[in-house]
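The values are calculated or read from the model by the stated rules, or taken from the named source; none is laboratory data. Here the structure is a predicted model, which means the values were calculated and not measured. Because the Cβ atoms are built from the backbone with ideal geometry, glycine has one as well, and the counts that use them run over all protein chains shown.
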Amino acid sequence: MHQEGPPGEVDLVQLDRDHPGFRDPVYRARRNHIARIALEHRSGQPVPDAPYTEAEHAVWSTVWQTLGPLHRAHVVSDLVDLQDRLGLQRDRIPQLSALNPRLFAASGFRMEPVAGLVAARTFLVRLGQGVFLSTQYVRHHSRPFYTPEPDVLHELIGHAASLMHPGVAAVNQAMGRAAGVATEAEVARLSRVYWYTVEFGLALEAGQLRAVGAGLLSSCGELARIHDGPELRDFDPDAMGATPYDPTDYQPWLYVAPSLDAMLNGVTRWVEEGRWRDGVAPPVTEGAGPLC
Ligand SMILES: [Fe+2]
């Protein structure tokens, strides 16, 4: 609210000085416009379209040109197939309103706009209501392979198609229901398990390491390094719940499930058995990080 913007307009969005769009008044004006869409949106109402520029559509297309082959090589096949079922076009950024009917028909989820990162509890509780809070803005066109914050490329390339999978939808719903009655420490455990599975989970498929998490699917850099970058740990929700995460850098360790179904069933069971509860899990000293 205290950043300079076009005359007469209040800045809704704060960009750090090292953000690629910090010195671009056109970009900042559009970020404000897109943030206003989210702030003025009422849940359950149709989601207004975001006004993407040709430069932003070009970012989407450029990223897909690199991610497409990476997905075919490194992402679990069920999730790649769902991208086609959702109709995720590669040349234009889809609007949330265009994807929601197919998403809702498949799993009961819909995507609603949010201005930026939100508290873990807010994000998770909305999942329990069948709502996935999604940013609509696009990273700055000068750096198509870099974003300091989750943007619509992360939401749509990473999450949208996966949410059509019944097992992924079940994990999201279970997490959301739990967050609605959780203490702060319990939300921290839930958000960590969410992070290491829905956001950055890995699974074996026919003996090969494959990406599941949205943070991997939407990042050329993270996806290209899964085999030789992070320390690979065995799938263990109790251990994940006790392990903080850093959303600002490449992930130093990731957890590998024996299969996609083993991951999804394992997380849902972990939630439903209440192993995130205070008194059941080890004490947590750090709060939950943001989720998006
Ligand atoms: Fe995400």
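For segment 188-219, how many residues meet the condition of being under 20 Å from the mean Cα position of the chain (by Cα), away from the ligand (no atom under 16 Å from the Cβ) and within 18 Å of Tyr250 (Cβ to Cβ)?
Number of matching residues: 0.
Going by the conditions given, is Gln45 assigned to a loop (DSSP other than H, G, I, E, B), surrounded by 12 or more Cβ atoms within 10 Å (Cβ to Cβ) and among the polar types (S, T, N, Q)? Lay out the reasoning, then the answer.
Values: assigned to a loop (DSSP other than H, G, I, E, B): yes; surrounded by 12 or more Cβ atoms within 10 Å (Cβ to Cβ): no; among the polar types (S, T, N, Q): yes.
Considered against the rule, which asks whether it is assigned to a loop (DSSP other than H, G, I, E, B), surrounded by 12 or more Cβ atoms within 10 Å (Cβ to Cβ) and among the polar types (S, T, N, Q), Gln45 comes out as no.
Go through Ala170, Ala105, Ala98 for me and flag whichever is away from the ligand (no atom under 13 Å from the Cβ) and within 26 Å of Arg269 (Cβ to Cβ). Let's see the steps before the verdict.
Details: Ala105 fails: within 26 Å of Arg269 (Cβ to Cβ); Ala98 fails: within 26 Å of Arg269 (Cβ to Cβ).
Answer to the selection: Ala170.
Pairs please, first residue from segment 149-162 and farther than 18 Å from Asp78 by Cα, second anywhere and hydroxyl-bearing (Ser, Thr, Tyr) and more than 10 Å from the ligand (Cβ to nearest atom), Cβ atoms under 8 Å, 6+ apart in sequence or on different chains.
Filtered contacts from segment 149-162: Asp151/Tyr137; Val152/Tyr137; Leu153/Thr147; His154/Thr147; His154/Ser219.
Kindly indicate whether Arg139 is without any contact (Cβ under 8 Å) to a residue 60 or more places away in the chain, out of contact with any helix residue (DSSP H, G or I) (no Cβ under 6 Å at 6 or more places or on another chain), within 16 Å of the ligand (Cβ to nearest atom) and not aliphatic (A, V, I, L, M). First the steps, then the outcome.
Details: without any contact (Cβ under 8 Å) to a residue 60 or more places away in the chain: no; out of contact with any helix residue (DSSP H, G or I) (no Cβ under 6 Å at 6 or more places or on another chain): yes; within 16 Å of the ligand (Cβ to nearest atom): yes; not aliphatic (A, V, I, L, M): yes.
Considered against the rule, which asks whether it is without any contact (Cβ under 8 Å) to a residue 60 or more places away in the chain, out of contact with any helix residue (DSSP H, G or I) (no Cβ under 6 Å at 6 or more places or on another chain), within 16 Å of the ligand (Cβ to nearest atom) and not aliphatic (A, V, I, L, M), Arg139 comes out as no.
Kindly indicate which of Ala182, Ala170, Ala174 is small (Gly, Ala, Ser), part of a loop (DSSP other than H, G, I, E, B) and at pLDDT 95 or above. First the steps, then the outcome.
Values: Ala170 fails: part of a loop (DSSP other than H, G, I, E, B); Ala174 fails: part of a loop (DSSP other than H, G, I, E, B).
On inspection, the qualifying residue turns out to be Ala182.
Going through Ala105, Ala55, Ala29, Ala38 one at a time, which residue ends up being more than 19 Å from the chain's Cα centre (by Cα), among the aliphatic types (A, V, I, L, M) and within 17 Å of Leu153 (Cβ to Cβ)?
Numbers: Ala105 fails: within 17 Å of Leu153 (Cβ to Cβ); Ala29 fails: within 17 Å of Leu153 (Cβ to Cβ); Ala38 fails: more than 19 Å from the chain's Cα centre (by Cα).
The match here is Ala55.
Please tell me if Tyr194 is more than 21 Å from Phe132 (Cβ to Cβ) and among the hydroxyl-bearing types (Ser, Thr, Tyr).
Values: more than 21 Å from Phe132 (Cβ to Cβ): no; among the hydroxyl-bearing types (Ser, Thr, Tyr): yes.
No: the conditions fail for Tyr194.
Test of understanding: among His57, His74, which residue is of a type outside the set (A, V, I, L, M, F, W, C), surrounded by 19 or more Cβ atoms within 10 Å (Cβ to Cβ), at negative phi and modelled with pLDDT of 95 or more? Steps first, please.
Details: His57 fails: surrounded by 19 or more Cβ atoms within 10 Å (Cβ to Cβ).
From the options His57, His74, the qualifying one is His74.
When only residues in segment 144-166 that are touching a Gly at 6+ places or on another chain (Cβ under 9 Å) and assigned to a loop (DSSP other than H, G, I, E, B) count, which is nearest to the ligand (Cβ to nearest atom)?
Per the stated criteria, the residue is Pro150.
Hey, can you tell me all the residues within segment 208-248 that are among the aliphatic types (A, V, I, L, M), in contact with an Asp or Glu (Cβ under 7 Å, 6 or more places away or on another chain) and closer than 16 Å to Ser191 by Cα?
Narrowing segment 208-248 to residues among the aliphatic types (A, V, I, L, M): 209, 211-212, 214, 216-217, 223-224, 226, 232, 239-240, 242.
Those still in the list that are in contact with an Asp or Glu (Cβ under 7 Å, 6 or more places away or on another chain) too: 214, 216.
Within segment 208-248, just Ala214 meets the criteria.
Mind checking which residues of segment 238-255 are closer than 19 Å to Val284 by Cβ, outside any strand (DSSP E or B) and either in contact with a helix residue (DSSP H, G or I) (Cβ under 7 Å, 6 or more places away or on another chain) or away from the ligand (no atom under 16 Å from the Cβ) (or both)? Break it down into steps so the answer makes sense when it comes.
Initial filter on segment 238-255 (closer than 19 Å to Val284 by Cβ): 238-247, 253, 255.
Adding the requirement that they be outside any strand (DSSP E or B) leaves 238-247.
Those that are closer than 19 Å to Val284 by Cβ, outside any strand (DSSP E or B) and either in contact with a helix residue (DSSP H, G or I) (Cβ under 7 Å, 6 or more places away or on another chain) or away from the ligand (no atom under 16 Å from the Cβ) (or both): Asp238, Ala239, Met240, Gly241, Ala242, Thr243, Pro244, Tyr245.
Which of the residues that make up segment 108-132 are surrounded by fewer than 21 Cβ atoms within 10 Å (Cβ to Cβ) and within 12 Å of the chain's Cα centre (by Cα)?
Gly116, Leu117, Val118
So, in segment 189-236, how many residues would count as being crowded, with 24+ Cβ neighbours inside 10 Å and more than 22 Å from Ile157 (Cβ to Cβ)?
Qualifying residue count for the region: 4.
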